[in-house]
């Protein structure tokens, strides 16, 4: 099962959310997630192979944050990934007009790979991801069925959208430690790129509408 399908799977998401409350053995997971033990066993093994979980001593499952954070990064950059090639289009229009799209996409892919490595290796970002999911699992104001229906990919996607609202509210970088300052800079690059780009039909239509009534 590919990582995108894995993160969008309701049952796998339920297992992951359960483990945010603490480690568990297979029988307890199956019971808490309302799954047959055999099915739960197959799902947890897929999650282990994909980097979501690890199995410790005595068959106790726990979230593998060290492997999950890079997976989170790779799946959270949907708008950023779509926007990045456009950063290089003007350069290649001038320097390689016959291969503009191919060249811009290739360079964007290389640059995004570097960004993902930097973020995945940043201790402050790893803490941020872990705190995000831990807080989500204990959200007392959520409706009773909210977490039961939430898919991991929904939570991953929300990070990028929330960045647009949260980044302008962040503390001054000068007050932060070195690791967090580096994270601040990387999130700033991410924020500015997606702030200027919306690849959805509704986003394009809204920009057009705002422009036609003179507000944009």
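The fewest-to-most ranking of 208, 127 by surrounding Cβ atoms within 10 Å reads 208, 127. Measure nothing fancy, just the Cα-based angle from helix 65-76's long axis to the longest principal axis of the chain, in degrees from 0 to 90, nearest 10. For 65-76 against the chain, the angle is about 40 degrees. Once the gyration tensor of the Cα atoms in the range 29-178 is diagonalised, the equivalent ellipsoid follows with semi-axes of 35, 21, 16 Å, ordered largest first. Between 0 and 90 degrees, the angle of helix 100-120 with respect to the longest Cα principal axis of the chain falls at about 40 degrees. Label separation (residue 60 vs residue 94): 6.0 nm, computed from points 7 Å beyond Cα along the C-beta direction.
Treating the angle as unsigned and between 0 and 90°, give the value, to the nearest 10°, between the Cα long axis of helix 201-212 and the longest Cα principal axis of the chain. Approximately 40 degrees, to the nearest 10.
Comparing mean-square fluctuations of 187, 176, 112 from a GNM of the chain with C-alpha springs under 10 Å, the top value falls on 176.
Taken along the Cα-to-beta-carbon direction at a fixed 7 Å, the label points for residue 27 and residue 174 span 6.0 nm. With distances taken between every two different alpha-carbon atoms, the range 3-63 has a Kirkwood hydrodynamic radius of 11.2 Å.
Based solely on its DSSP helices, what 222 nm [θ] is calculated for the chain when runs of n ≥ 4 H residues each add -39,500 (n - 2.57) and the sum is averaged over all residues, nearest 500 deg cm²/dmol?
Values: 12 runs with 151 residues, N = 216.
When only DSSP H runs of four or more count, the value is -22000 deg cm²/dmol.
Only the coordinates and a few stated rules stand behind these numbers; no lab work does. All figures in this text were calculated on a predicted structure; none of them were measured in a lab. Neighbour counts are summed over all protein chains in view; Cβ atoms, including those assigned to glycine, are modelled from backbone coordinates with ideal geometry.
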